[in-house]
Each structure stands twice: as structure tokens, then as C-alpha cells.
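Asks: Questions regarding the structure given below will be posed in turn.
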Amino acid sequence: MALHLQDQGSWKKADEVWVNDSDTWKQCNEVYIKENNAWKPVLYEPGSVYYTSDGSFTVPQGVFSITATVVGGAGGAGGGDGGAGSVDGGNGMTVTFSTSVMPYDTFAFVIGEKGGDGAGYRGSASGGSGGNGYNSGGVGGRAGAHGSSGGGGGGGGSTSFYSNASSAMYIIAAGGSGAGGRGNRSHYSVADIHGKNASQTQSAASQGYDGGNGLRCPCADGGAGGGGGGGTESSAIGGLYYGNTTSCQHYDSDGMPGEAGIGYYNTGIVTSTQDINTGDGYVSISW
């Protein structure tokens, strides 16, 4: 349990509370204050919560600081073709921060989803859906119609965390981009078509662009481009990439990934940023 006391304008944590009873010091297991004729506890048990869907959080009584982790959704995989299997999407952004709060402060959040996987091994293979979120990821492109190729993965949605009282944004954890769909003959390195990890750079908000469709000629088709990750700064997300050459060269080329989202955060409170999430986004809070 913990108690916070204000000393010269600063809140300080007291881990234990003792009272003197008939010259004997006794530790308090419970301490209450009377406010507006109602008794309220001032000690609290440490705790944590974990959210996988949109919602809000109210700071418990007695709590004056929280630590939260805000995670964006990953991009979807690009569909496979021929002897080339599917390729994973990019990772979503993870931001951890600590900040001072007051009891009963409320915060709201929107959770970013993982982008959908592109279909594979078929003509006109569909792209994966963009993950929903504070900013949604772009839709993966559709493969070319001649023969078979892979559709692009959808971009991951971004996850936001903000104050209900002031509407001040604390964090936007960006989504990773969708991977490019595979062709059957002309392959880039896996690194070239792998989805891009969400950026840890600061900026402010927009939605992932859709991936480009695979091009085709009478004798070949191409894998489709991946959708962009949801995040911030429209100039830096969701690039339109294409899966084949513009002329008939008998190539079934791989598609390219979209661009990952760019996140936003307040540097004064952030303790770490990473690009490691491979699934749906989430928010976890501890105190």
C-alpha cells in the first residue's frame, strides 16, 4: 500500500503509515479521510489492467502516478505464390511511459488492430484488410489477374492514449505496414517485401494509404503492394508499390510493402520506444 503527501507543492510517496496509540507505535493497514461527509480510503493496493479493445481508464483513489504501455497493430502478411511462401508484415510500435496523475483522472484509448493477411496462390488474389484503430491501416493491393500471385498485406492500425478531461494526446503508437505479395518468377529479397516496422519518430495524424494492385500483361501477373500502417504524417505512410513491370517481360514479380506509420509521443514522459509487436495492439496500465 502507498500514501502520497504534499510537501512544499510536490507529492511524495509514503510506503507506510504509523500512528502513536498510548505511547505505542502501530502501523495502519487502512487510512480514511472524510470528504463531503463520505469516508474515502487514501491507501491503495498496487494493481494493473490490460485492454485489447477501445475504452477508458479511471485512476483509482490514492494513486498519483501510473505507468502505461501503448502498442500499435502489426501489418498483415503478403500472400504467397509458386515456391515462395508468404512474408510477414511489419511490427507495430510499442511506447512505455510514466506520468503523474490525480485520483479519478480519466484516460481514453483506441486500440489498433493487426492488418489482414493477403490471399495467395491464385489469380486476382485479394489484399488483406487494413486494421482498424485511431488511424486505420491501408488495404493491401490485389494481385494481377493472369495466372496466380499474392495479394498485399493490410497495414496495422495505430493505438492512441489521451486525457478525457483536456483531450490532450499523450501517445499515438503507429501500425506496421503490410508486406508485399509474392510473384512466381522474379523475387526480391525477403527484406525488400517484408512489411516495414512502425517508426518511433514524433509527428502528428493520418491514415495509411492502400497498397497498389499487381500489374499484369498478357502473359504474366504480379504480386500486389502492401497497405500502409496507420499512424501520423500522411507524407510518410502507405506508399503505393506495384508488383510487376510495365511492359510484357514474362515476369511475375513480387509486390513491395507499404510504408509504416509514424508515431507521436510526449518526450517528457516516455521511458522507452520499440518496434516489436507482431499482433493486435493493446494498452496496459499499472500503478
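The values are calculated or read from the model by the stated rules, or taken from the named source; none is laboratory data. Nothing here was measured: the structure is a model prediction, and the numbers come from that model. Note that we place each Cβ from the backbone using ideal geometry, even for glycine, and neighbour counts take in every protein chain shown. Side chains included, ligands, DNA and RNA excluded: accessible areas come from the protein's heavy atoms. Shrake-Rupley method; radii C 1.70, N 1.55, O 1.52, S 1.80 Å.
Asks: Condition first: of a type in the set (A, V, I, L, M, F, W, C) and open to solvent by 10 Å² or more (accessible area, probe 1.4 Å). Now tell me which residues in the stretch 114-151 satisfy that.
Replies: Of the stretch 114-151, the ones of a type in the set (A, V, I, L, M, F, W, C) are 119, 125, 139, 143, 145.
If the condition is that a residue be of a type in the set (A, V, I, L, M, F, W, C) and open to solvent by 10 Å² or more (accessible area, probe 1.4 Å), then ALA119, VAL139, ALA145 are the ones that fit.
Asks: I would also like to ask the following. All but one of (1) loosely packed, with under 11 Cβ neighbours inside 10 Å; (2) out of contact with any Pro (no Cβ under 7 Å at 6 or more places or on another chain); (3) farther than 23 Å from GLY268 by Cα hold for GLU30, so report the exception by its number.
Replies: (2)
Asks: Residue check: is GLY79 touching a residue at least 12 places away in the same chain (Cβ under 8 Å) and closer than 27 Å to TYR264 by Cβ? Lay out the reasoning, then the answer.
Replies: Details: touching a residue at least 12 places away in the same chain (Cβ under 8 Å): yes; closer than 27 Å to TYR264 by Cβ: no.
Spelling it out, it is not the case that GLY79 is touching a residue at least 12 places away in the same chain (Cβ under 8 Å) and closer than 27 Å to TYR264 by Cβ.
Asks: Same structure again: Looking at the stretch 180-202, which of its residues are closer than 17 Å to ILE276 by Cβ and part of a loop (DSSP other than H, G, I, E, B)? Reasoning before the result, please.
Replies: Going through the stretch 180-202, the residues closer than 17 Å to ILE276 by Cβ turn out to be 194-201.
Within the stretch 180-202, HIS194, GLY195, LYS196, ASN197, ALA198, GLN200, THR201 meet the criteria.
Asks: In the stretch 93-113, is there at least one residue being open to solvent by 80 Å² or more (accessible area, probe 1.4 Å), within 30 Å of GLY150 (Cα to Cα) and hydroxyl-bearing (Ser, Thr, Tyr)?
Replies: Taking every residue of the stretch 93-113 in turn, none turns out to be open to solvent by 80 Å² or more (accessible area, probe 1.4 Å), within 30 Å of GLY150 (Cα to Cα) and hydroxyl-bearing (Ser, Thr, Tyr).
Asks: Any idea which residue in the stretch 62-78 is farthest from VAL190 (Cα to Cα), counting only those that are open to solvent by less than 10 Å² (accessible area, probe 1.4 Å) and hydrophobic (A, V, I, L, M, F, W, C)?
Replies: Once the filter is applied, the top-ranked residue is VAL63.
Asks: To continue, here is another question. Which of the residues that make up the stretch 1-14 are open to solvent by 80 Å² or more (accessible area, probe 1.4 Å), modelled with pLDDT of 75 or more and in contact with a strand residue (DSSP E or B) (Cβ under 6 Å, 6 or more places away or on another chain)? It would help to see each step written out before you state the result.
Replies: Taking the stretch 1-14 as the starting set, the residues that turn out to be open to solvent by 80 Å² or more (accessible area, probe 1.4 Å) are 1, 5-6, 8, 11-13.
Among the residues that remain, those that are also modelled with pLDDT of 75 or more are: 8, 12-13.
LYS12, LYS13, listed by residue number.
Results for (1) modelled with pLDDT of 55 or more; (2) within 20 Å of VAL87 (Cβ to Cβ); (3) open to solvent by 20 Å² or more (accessible area, probe 1.4 Å), shown as yes or no for each residue.
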| residue | (1), (2), (3) |
| --- | --- |
| GLY153 | yes, yes, no |
| PHE161 | yes, no, no |
| MET169 | yes, no, yes |
| SER206 | no, no, yes |
| GLY214 | yes, yes, no |
| GLY226 | yes, yes, no |
| LEU240 | no, yes, yes |
| SER247 | no, no, yes |
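Asks: In addition: Output the number of the condition that ASP54 fails; it satisfies all remaining conditions of (1) under 22 Å from MET102 (Cβ atoms); (2) without any contact (Cβ under 8 Å) to a residue 60 or more places away in the chain; (3) open to solvent by 40 Å² or more (accessible area, probe 1.4 Å).
Replies: The number of the failed condition is (1).
Asks: Determine whether the stretch 25-43 contains at least one residue that is among the acidic types (Asp, Glu), out of contact with any Asp or Glu (no Cβ under 9 Å at 6 or more places or on another chain) and at pLDDT below 90.
Replies: For the stretch 25-43, residues among the acidic types (Asp, Glu), out of contact with any Asp or Glu (no Cβ under 9 Å at 6 or more places or on another chain) and at pLDDT below 90: present.
Asks: Return the residues of the stretch 90-116 that are outside any strand (DSSP E or B) and over 17 Å from SER158 (Cα atoms); say none if nothing qualifies.
Replies: VAL101, MET102, PRO103, TYR104, ASP105
Asks: Could you check the stretch 79-89 and list, in sequence order, the residues that are in a loop (DSSP other than H, G, I, E, B) and open to solvent by less than 30 Å² (accessible area, probe 1.4 Å)?
Replies: Scanning the stretch 79-89 gives GLY79, GLY80, GLY89.
Asks: Part of a loop (DSSP other than H, G, I, E, B) and either at pLDDT 80 or above or under 14 Å from the mean Cα position of the chain (by Cα) (or both): is that true of GLY157 in this structure?
Replies: Yes; evaluated as a whole, the condition is true for this residue.
Asks: Give just the number: which of (1) in contact (Cβ under 8 Å) with a residue 24 or more places away in the chain; (2) charged (D, E, K, R); (3) farther than 30 Å from GLY183 by Cβ does GLU113 not satisfy?
Replies: Looking at each condition in turn, GLU113 falls short on (3).
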